[in-house]
Amino acid sequence: MKRTIGILTSGGDAPGMNAAIRAVARAGLARGFDVYGIYDGYKGLVEGNYYKMNKSSVSDILFRGGTILGTARLPEFVEDAVQMKAIEQMEKVGMDSLVVIGGDGTYRGAYDLSKKGISCIGIPATIDNDCPGTDYTIGFNTALNTIVEAVDKLRDTSASHHRCSVVQVMGNHCGDLALYSSICCGAEIVITPEVGFNEYEVIENLKEFDRQKKHNHSIVIVTEKLTNVEALAKKISAETSFSGRATVLGHIQRGGSPVPFDRLLASRIGDYAVEILANGASNRCVGIRSDSMISTPIAQALVQPKEFEQNLYDMLERLA
Ligand code: F6P
């Protein structure tokens, strides 16, 4: 019997999602699957908002940011009745398999549908790099690039004004964007959820920089949701010799054309997702580990905490 794959993107968009859609669609067609694109994540699946794809449906998207399928968050998808509606919509066109592209929330939906007999494969795509089962998520490297470009510019103006720039980056509960960008930009202080935020320590460190005449300006990179960066910048101005300024990079980090690393990663992961699906796999998420393609049971990925790279953090401290 001819098998049919549905592709959806869900959760926050990430640069490289389009490259992953292209890879799954083309690898699926090449292996003889029928392929459907589903609009707006699980919401579109429940509503039957999908269309049949051919090779040219995914032309000219490899290098585009965002997702041509649109994305949405559907908290109700935890409900059994909502999942059953999705399955009814799939049955209408004989869709027996799903490749879901997104983060852990996206994986949860695939896990539930797998338990109901749908073959599901998860592809990690989020700028946060917070998916276990892969060294890198699709989109992380592009977002990192965006942050590095922005912080390099902030450093120019901070240095000219003896300022301390406090830069808030995304990451949700994962500090990788802050940690990696701090290494790439030579940030003097990094604040991540894994290390924790201690305002007293930040202020004391800045005072020490000044006492030792160590830096005439400073960059502090902080993961979102840990503190109010405007308030922190004011405190820095009030209590240290630096004048503090806050910059929230916001959703600009999610946009832009994917860097080559993300295009390559999305293409490899998308192709591999179809390969394991064709070989009968289900309820697994794919990833890259030491430059090799791997897959992990989704259930394991959902409970496994993403490891924090303490070695990189320690190195940053040595190099600051
Ligand atoms: O998960 C990706 C992410 O960009 C997080 O870094 C951030 O916390 C969140 O999405 C923002 O979500 P929204 O698009 O709903 O503002």
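Values as computed for the structure displayed
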{"read-out": "Residues within the range 101-122 that are within 15 Å of the ligand (Cβ to nearest atom) and either assigned to a loop (DSSP other than H, G, I, E, B) or among the β-branched types (Val, Ile, Thr) (or both), tallied", "value": "3"}
{"read-out": "Pair list, Cβ under 9 Å, 6 or more apart: the range 33-62 residue on the phi > 0 side of the Ramachandran plot and buried (at least 22 other Cβ atoms within 10 Å of the Cβ), other residue at pLDDT 95 or above and assigned to a strand (DSSP E or B)", "value": "Gly41/Leu8; Gly41/Thr9; Gly41/Val100; Gly41/Gly102"}
{"read-out": "Test: residue in the range 224-238 that is under 25 Å from Thr67 (Cα atoms) and either surrounded by 20 or more Cβ atoms within 10 Å (Cβ to Cβ) or in the same structural domain as Ser114 (by TED's automatic domain parsing) (or both)", "value": "yes"}
{"read-out": "Close pairs (7 angstrom Cβ cut-off, 6 or more residues apart or separate chains): under 16 Å from Arg108 (Cβ atoms) in the range 70-94, basic (Lys, Arg) and crowded, with 18+ Cβ neighbours inside 10 Å anywhere", "value": "Ala72/Lys43; Leu74/Lys43"}
{"read-out": "Failed criterion for Cys164 (all others in (1) in a strand (DSSP E or B); (2) out of contact with any His (no Cβ under 9 Å at 6 or more places or on another chain) hold)", "value": "(2)"}
{"read-out": "Test for Arg254: is it within 16 Å of the ligand (Cβ to nearest atom), in contact with a helix residue (DSSP H, G or I) (Cβ under 8 Å, 6 or more places away or on another chain) and under 16 Å from Asn18 (Cβ atoms)", "value": "yes"}
{"read-out": "Check on Asp135, closer than 27 Å to Val303 by Cβ, away from the ligand (no atom under 16 Å from the Cβ) and acidic (Asp, Glu)", "value": "yes"}
{"read-out": "Residue in the range 150-162 that is in contact with a Lys or Arg (Cβ under 6 Å, 6 or more places away or on another chain) and surrounded by fewer than 24 Cβ atoms within 10 Å (Cβ to Cβ) present", "value": "no"}
{"read-out": "Any chance Val167 is hydrophobic (A, V, I, L, M, F, W, C) and away from the ligand (no atom under 16 Å from the Cβ)", "value": "no"}
{"read-out": "Residues of the range 7-61 classified as part of a helix (DSSP H, G or I), within 21 Å of the chain's Cα centre (by Cα), hydrophobic (A, V, I, L, M, F, W, C) and under 17 Å from Arg73 (Cα atoms), total", "value": "1"}
{"read-out": "Options Arg254, Arg289: the member that is of a type in the set (D, E, K, R), surrounded by fewer than 16 Cβ atoms within 10 Å (Cβ to Cβ) and in contact with an Asp or Glu (Cβ under 9 Å, 6 or more places away or on another chain)", "value": "Arg289"}
{"read-out": "Lone qualifier among Pro193, Pro132, Pro124 - being within 20 Å of the chain's Cα centre (by Cα) and at pLDDT below 95", "value": "Pro132"}
{"read-out": "Hey, Gly139 at pLDDT 95 or above, within 21 Å of Phe308 (Cβ to Cβ) and of a type outside the set (Val, Ile, Thr) or not", "value": "yes"}
{"read-out": "Residue in the range 94-107 that is in contact with a Leu (Cβ under 8 Å, 6 or more places away or on another chain), open to solvent by 50 Å² or more (accessible area, probe 1.4 Å) and in the same structural domain as Ala27 (by TED's automatic domain parsing) present", "value": "yes"}
{"read-out": "Qualifying residue in the range 185-208 (condition: touching a residue at least 60 places away in the same chain (Cβ under 8 Å), open to solvent by 50 Å² or more (accessible area, probe 1.4 Å) and in contact with a helix residue (DSSP H, G or I) (Cβ under 9 Å, 6 or more places away or on another chain))", "value": "yes"}
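Conditions tested, residue by residue: (1) within 16 Å of the ligand (Cβ to nearest atom); (2) part of a helix (DSSP H, G or I).
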{"site": "Val148", "(1), (2)": "no, yes"}
{"site": "Thr157", "(1), (2)": "no, yes"}
{"site": "Cys174", "(1), (2)": "yes, no"}
{"site": "Leu179", "(1), (2)": "yes, yes"}
{"site": "Ala187", "(1), (2)": "no, no"}
{"site": "Val195", "(1), (2)": "no, no"}
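The values are calculated or read from the model by the stated rules, or taken from the named source; none is laboratory data. Quantities reported herein were computed from a predicted structural model and do not represent experimental measurements. Using ideal geometry, Cβ is built from the backbone for each residue, glycine included, and neighbour counts are taken over all protein chains shown. Keep in mind that these areas ignore ligands, DNA and RNA; they rest on the heavy atoms of the full protein, side chains included. Shrake-Rupley method; radii C 1.70, N 1.55, O 1.52, S 1.80 Å.
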